[in-house]
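Reviewing the structure listed below.
The values are calculated or read from the model by the stated rules, or taken from the named source; none is laboratory data. Since the structure is predicted, the reported quantities are computational estimates derived from the model, not experimental observations. All Cβ positions, even for glycine, are placed from backbone atoms using ideal geometry, and neighbour counts span all protein chains on display.
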Amino acid sequence: MSDLVLTKTTDQTLVVRINRLSRKNALTWEMYSALADALKTAEADNNIRCVLFTGSDDCFTAGNDLGEFAEGLPGDFRSTPVGRFLFGLATSLKPVVAAVNGPAVGIGTTMLLHCDLVYAGNNSRFQMPFANLGLCPEGGSSLLLPQWLGRVRAAELLMLGGAFSADDAHRLGLINRVCEPADTESTALEACQRVSAQPPAAIRATRDLLNRSSFKALEATMLEEGELFVERLKSPEAAEAFRAFAEKRKPDFSGFR
């Protein structure tokens, strides 16, 4: 397990902590592999009844490490580290909880769509800036967000890519509760303990039923998004967006058609 992703078991909960604060917890392929492996470990361990994803008091994740992702993703999407993690989340039999503080950008927001319970500090800022970067939605967000929020709200979040607050996320029904940042993780852990005290087979059945009706469509959408995402990483628009990010300037898409 990478030291950029830390795990420990507490009261039948596997706590998975993103731990790359020097880069605002930006995710690399190695970190995605570690996150996917953590989910696999939880699935195989009968002593683990719940998984909690968290970061620090001031940062969940700033999204993908653009320097690494500019190189593209090797292989078919489902077998990549990103695909393994996303499909691991979508198919997990164990309940998944998230404690979010600070930036939750890109995957930092879309992964929450696959969590059962989400608690966020009032310092949280959510954002899905895929189009801004010349990319496309991922993590099933192009399917789940219109279903949950309606098409126009989903289009606003995915096409304009603006940031929104924890209060906004709560109003939209994307999180369960807004907390003080120092209390977010303990609140989420308490929820994990309550879930873990429930009959485990009943919880697994409940999660399965909550997800089953839409899983085939979700699976197809995630694969389509993933394949297009890989293509978009190689696009001139993405190259301009990534250059602009590295040069700390606003990208110029005026010459694209």
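Summary of computed values
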quantity: Restricting region 28-39 to residues that are crowded, with 16+ Cβ neighbours inside 10 Å and of a type outside the set (Ser, Thr, Tyr), the residue that is nearest to GLY72 (Cα to Cα); calculated: TRP29
quantity: Residue within region 107-119 that is in contact with a strand residue (DSSP E or B) (Cβ under 7 Å, 6 or more places away or on another chain), farther than 30 Å from ALA197 by Cβ and not polar (S, T, N, Q) present; calculated: yes
quantity: Region 45-68: number of residues that are more than 27 Å from GLY134 (Cβ to Cβ) and either surrounded by 15 or more Cβ atoms within 10 Å (Cβ to Cβ) or among the charged types (D, E, K, R) (or both); calculated: 11
quantity: LEU149 being surrounded by fewer than 20 Cβ atoms within 10 Å (Cβ to Cβ) and in contact (Cβ under 8 Å) with a residue 60 or more places away in the chain; calculated: no
quantity: Evaluation of ALA246 against (1) within 25 Å of LEU73 (Cβ to Cβ); (2) at pLDDT 95 or above (one fails), failing number; calculated: (2)
quantity: Any pair with Cβ under 6 angstrom, 6 or more apart, that starts in region 32-48 at a residue that is under 18 Å from CYS115 (Cα atoms) and ends at one that is of a type in the set (Lys, Arg) and modelled with pLDDT of 95 or more; calculated: ALA36/ARG84; ALA42/LYS94
quantity: Qualifying strands (runs of 3 or more DSSP E) (wholly inside region 55-156; at least 1 residues being touching an Asp or Glu at 6+ places or on another chain (Cβ under 8 Å)); calculated: 96-100, 117-121, 125-127
quantity: Odd one out for ARG171 among (1) free of Cβ contacts under 8 Å to residues at least 40 places away in the same chain; (2) farther than 21 Å from CYS59 by Cα; (3) in contact with a Pro (Cβ under 8 Å, 6 or more places away or on another chain); calculated: (3)
quantity: Region 157-171, subset in a helix (DSSP H, G or I) and touching a strand residue (DSSP E or B) at 6+ places or on another chain (Cβ under 8 Å), residue surrounded by the fewest Cβ atoms within 10 Å (Cβ to Cβ); calculated: ASP167
quantity: Every pair of residues 6+ apart whose Cβ atoms lie under 6 Å, when the first sits in region 241-257 and is closer than 17 Å to PHE69 by Cα while the second is part of a helix (DSSP H, G or I) and modelled with pLDDT under 95; calculated: PHE242/LEU66; PHE245/LEU66
quantity: Among (1) exposed (fewer than 15 other Cβ atoms within 10 Å of the Cβ); (2) outside any helix (DSSP H, G or I) - the single one ILE175 does not satisfy; calculated: (1)
quantity: Those residues of region 217-233 which are charged (D, E, K, R), surrounded by fewer than 19 Cβ atoms within 10 Å (Cβ to Cβ) and under 13 Å from VAL82 (Cβ atoms), in sequence order; calculated: GLU227
quantity: Pairs where the first residue, in region 1-17, is touching a residue at least 12 places away in the same chain (Cβ under 8 Å) and the second is surrounded by 18 or more Cβ atoms within 10 Å (Cβ to Cβ) and aromatic (Phe, Trp, Tyr), C-beta under 7 Å, 6+ apart; calculated: VAL16/PHE53
quantity: For ALA42: the one exception among (1) assigned to a helix (DSSP H, G or I); (2) surrounded by 15 or more Cβ atoms within 10 Å (Cβ to Cβ); (3) touching a Phe, Trp or Tyr at 6+ places or on another chain (Cβ under 9 Å); calculated: (3)
quantity: Residues within region 4-55 that are touching a helix residue (DSSP H, G or I) at 6+ places or on another chain (Cβ under 6 Å) and not aliphatic (A, V, I, L, M), tallied; calculated: 11
